[in-house]
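Okay, structure first, notes after.
Bear in mind that the values in this text are calculations on the coordinates, not laboratory data. Please read all numbers here as calculations on a predicted model, not as lab measurements. We place every Cβ from the backbone using ideal geometry, glycine too, and count neighbours over all the protein chains shown.
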């Protein structure tokens, strides 16, 4: 039997981080969740959002904070990492849910690859805090998200990695608050399963350090490091022999 989540309890604020590529509806989803147009959104080939932005509103008896983020693909890795650190630092004690935003009407190879980049950036620990958020619900023709997932192996794998958690939003219907309430119920259930823990800035920093250290384990970098060490040893020996 499915457990009922009481949204009338004010025991916790909800901090949400939205991640996705340009055109997937990241900013529009933030507006839909909050019920107000606070994030600039629109269909564009280039990202409208270039810095993390934070807005808070009362939603279904909850104080919900949404962090809108830059394009997850076309941004420079270092710049994106710095900006995401800034975004994570906006919320205390951390992020209760990371919403991985994907368009429901199209699913490209780039969309399939997002999980690789997401794991690389956020680390394995982020997966238990992640939910797939399908957008462009108005463009689905008599198809449900469940059907889309069943018919697409890559999409099925992606949602499975996220614990089977997903939700569909129609961002053109800002007044449809039922879809938002249902999303918050799924998020509350996930938070409860995680024993009220959240994804923190420190976790992100730890993952960034891990990726940095692993990059030096690659042969081309390892050889460069060895060459520097050998050169330093030779240099020291020369000076010692001169003395």
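Tabulated data for the structure shown
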| item | result |
| --- | --- |
| Per-bin percent of Cα-Cα distances, the range 14-199 [5 Å] | 1, 8, 18, 23, 23, 17, 8, 1, 0 |
| Contact order relative to length of the range 104-188, as percent, for alpha carbon pairs under 8 angstrom and 6 or more apart | 35 |
| Distance (nanometres) between label positions extended 7 Å along Cα→Cβ at residue 141 and residue 182 | 2.2 |
| Extension gain from residue 73 to residue 112, taking 0.36 nm per residue of separation minus the Cα-Cα distance | 12.8 nm |
| Contour minus Cα-Cα distance for residue 40 and residue 153 (0.36 nm per residue) | 37.3 nm |
| Computed lengthening from residue 196 to residue 173, 0.36 nm per intervening residue step minus Cα-Cα distance | 5.2 nm |
